Structures are given as structure tokens and as C-alpha cells.
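To start, the structure under review is shown below, and the notes come after it.
The values are calculated or read from the model by the stated rules, or taken from the named source; none is laboratory data. Being a predicted model, the structure only gives us computed values, none of them experimental. All Cβ positions, even for glycine, are placed from backbone atoms using ideal geometry, and neighbour counts span all protein chains on display.
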Amino acid sequence: MLRRPPYPESLETRKEIEKHINELLDMDVIGKIGHNEIVEITTPVLITWHVGRSRMCGDFRALNNYTKADRYPILRIPHALDKLAKSKYINKMDCMKGFHKNGGKPNPMKLLIIICHMGIYEYTRMPFGSKNAPAHFQRMMDTIFQEEVLKGWMVVYIDDIIIYSDTREDHVQYIDRVLSKCIPINLEI
């Protein structure tokens, strides 16, 4: 059993964690649980990924050491750049909180759990920080956009969608097609 107490936090960090916890509760990505329901527990960490913006991840390093790696292939960046180099029009779209939109498997072993000053929470969807989250999400995106990728006007790199074309007319059509696939499955761009 792996258990860690919450890390010491500044008041500013606590406020940022509260913001993320409340947002994840509203999205049904996490749910509050009692202390008798847990096997593994870890703490949240904040990662600054854009100026003034943070992402909350679970510090699942100890759990990740025991997790069998999902070997699903993730696009190699040089391969994508070769395709884009010859295109006249390029758009990059980022899936907003894409991992959290991905309904993962239930958490029967009670392993994806975080503790903070607000309480103990269990992830009900894919968390940032889980070893196999990128491979799982890449597999989902490849399934959704398989046809577009095979037609040769789109690449998917985890939660980034890159559309490329030679004409403006085609480009507008491709963007429309991608957005029309994202809306019904609640994948926000």
C-alpha cells in the first residue's frame, strides 16, 4: 500500500488546487470518497504549462513504477513534420481537457486517488500523471479520426490535431469535418 500525506503548500498553491478540484468535481472527473475506501493515495501537483496557467496532475510516480506500459504507438514528431512541410495551410487544434473527457475504466482497485487539504478524491476518468494515459488517449483519437488520418490531411499527436492542405477550400472543409466529429462526442477544441 502506497500512501503519502499532502505536500506542504503555499496559500497561492492551495487556491489553485481548490480551483482545479472544484472544476474536476463539476466535470465528474473526480468524486469525493471516504478514507476507508482507499488502497493507494497520492497528492496533486501543479504543472505550469502556459504563462499563468496550470494543470493539476496526480503524483502517480510510485504507482507508475508498478504499472505495465501500454505500448500503443504515439506519432513521432519528425514523421508529422515531413507531412506538414509541403502544405500551404496548417491548423493546430488542442483538445481542451481531453484526457478528462475520456471515460476511462472504473477504478476498482482504488489506485487513482489524490489527497489534498480539501479531502480525498477518486478519479473516475483519465487523470494527468497516469503512466498509460497518453497511449490510451492516442488510441482513442486514432480510432475517432482514423479515416481523416488515412486520407492524408490530418495527423493526431495525443491531444493535438493538425490539419494540413494545399487549398483554402479543402482546408475549410477539413476543419468543418473535424469539428463535426468533435461536437457529438463532447470533445472541446
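Is it the case, given these coordinates, that R61 is among the basic types (K, R) and either touching a Phe, Trp or Tyr at 6+ places or on another chain (Cβ under 7 Å) or crowded, with 16+ Cβ neighbours inside 10 Å (or both)?
It is false that R61 is among the basic types (K, R) and either touching a Phe, Trp or Tyr at 6+ places or on another chain (Cβ under 7 Å) or crowded, with 16+ Cβ neighbours inside 10 Å (or both).
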- Item | The one condition in (1) in contact (Cβ under 8 Å) with a residue 24 or more places away in the chain; (2) over 21 Å from M27 (Cβ atoms); (3) crowded, with 19+ Cβ neighbours inside 10 Å that R139 fails to fulfil | (3)
- Restricting the stretch 48-68 to residues that are out of contact with any Asp or Glu (no Cβ under 9 Å at 6 or more places or on another chain), in a strand (DSSP E or B) and touching a residue at least 12 places away in the same chain (Cβ under 8 Å), which is nearest to I163 (Cα to Cα)? R55
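Results for (1) in contact with a helix residue (DSSP H, G or I) (Cβ under 8 Å, 6 or more places away or on another chain); (2) on the phi < 0 side of the Ramachandran plot; (3) surrounded by 19 or more Cβ atoms within 10 Å (Cβ to Cβ), shown as yes or no for each residue.
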residue: N91; (1), (2), (3): yes, yes, no
residue: C95; (1), (2), (3): yes, yes, yes
residue: Y157; (1), (2), (3): yes, yes, no
residue: I175; (1), (2), (3): no, yes, no
- Message: Kindly evaluate I163 against the criterion of being surrounded by 19 or more Cβ atoms within 10 Å (Cβ to Cβ), over 15 Å from the mean Cα position of the chain (by Cα) and farther than 15 Å from I30 by Cβ.
- Response: yes
- Extreme residue, modelled with the lowest pLDDT, among residues of the stretch 69-86 that are in a loop (DSSP other than H, G, I, E, B) and under 19 Å from the mean Cα position of the chain (by Cα): R76
- Item | Set I120, I114, I185: member being modelled with pLDDT under 95, out of contact with any strand residue (DSSP E or B) (no Cβ under 6 Å at 6 or more places or on another chain) and part of a strand (DSSP E or B) | I120
- Pick out the one residue from K131, K151, K110 that is among the basic types (K, R) and touching a Ser or Thr at 6+ places or on another chain (Cβ under 8 Å). K131
- Message: So if I check each of K101, K105, K131, which one is of a type in the set (K, R) and at pLDDT 85 or above?
- Response: K131
- Task: For the stretch 109-128, indicate whether the set of residues that are under 21 Å from H35 (Cα atoms), surrounded by fewer than 17 Cβ atoms within 10 Å (Cβ to Cβ) and out of contact with any helix residue (DSSP H, G or I) (no Cβ under 8 Å at 6 or more places or on another chain) is non-empty.
- Result: yes
- Residue list for the stretch 156-182, restricted to those being closer than 22 Å to M126 by Cα and either of a type in the set (A, V, I, L, M) or part of a loop (DSSP other than H, G, I, E, B) (or both): V156, I158, D159, I161
